[in-house]
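Nothing in this text is a laboratory measurement; each read-out follows from the coordinates by a stated rule. The shown structure was predicted, so the numbers you read here are calculated from the model rather than taken from an experiment. A quick note on method: Cβ atoms are made from the backbone with ideal geometry, for glycine too, and the neighbour counts reach across all protein chains shown.
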Amino acid sequence: MAAHLLIASSGSFLLTPNVGLMIWVLVVFVISFFVLRKYVYPAIGAALDKRADSIASEIDSAEQLRKDAQQVLDEYRQRLAEARTQAEEIVTRARQAGEAHQKEAVETARAERERLLEQTRRDVEAETRRAIDEIRREVANLTVLATEKVTRKTLTDADQRRLVEEALSDLDFSVLGGGEG
């Protein structure tokens, strides 16, 4: 029986309810819960809402920049198509002029036509290179702007060059140049 009392008294504080201790634990819990609910939870909620709004705003900005870049690229493709149409018109006119001169003098007309065709090719190649260079510059500028918006910092020249080179290496300009590029 003494052994039983010894065992019961050594571990009984966990099993035997102590009303005073329970009341203090309950009071401390209620006060802690009240302080957390009144001051901490609203501050955490506000910070999370602010961060969510910030992220949503940055996503919207990045999407708008992507749309703007696509619009500029489409515009340059349209200009390139117009330049090709004009080049085809120039080639057609050169052929007609060559045929008219051929009636008068076959040799003179051939030389003139070849010269006009070569000049037209050079003009088309120069215009194509210029348009592609302009597209590359615009894409590079938009990439830097989008990167600065997303990362919220200004990039160094080395960072800008690296990002531009990465972005340009991902783009296929050979489609715009008609297989050249």
Distance between segment 71-98 and segment 113-146 - C-alpha centres, whole angstrom:
12
If every Lys and Arg gets +1 and every Asp and Glu gets -1 at its Cβ, then about the Cα centre segment 103-155 yields a dipole, in debye to the nearest 20, of 420
To make sure I understand the rule: partners must be lysines, Cα under 29 Å from the Cα of Lys149, and not fewer than 8 residues away in the same chain. Which ones qualify?
Lys50, Lys67
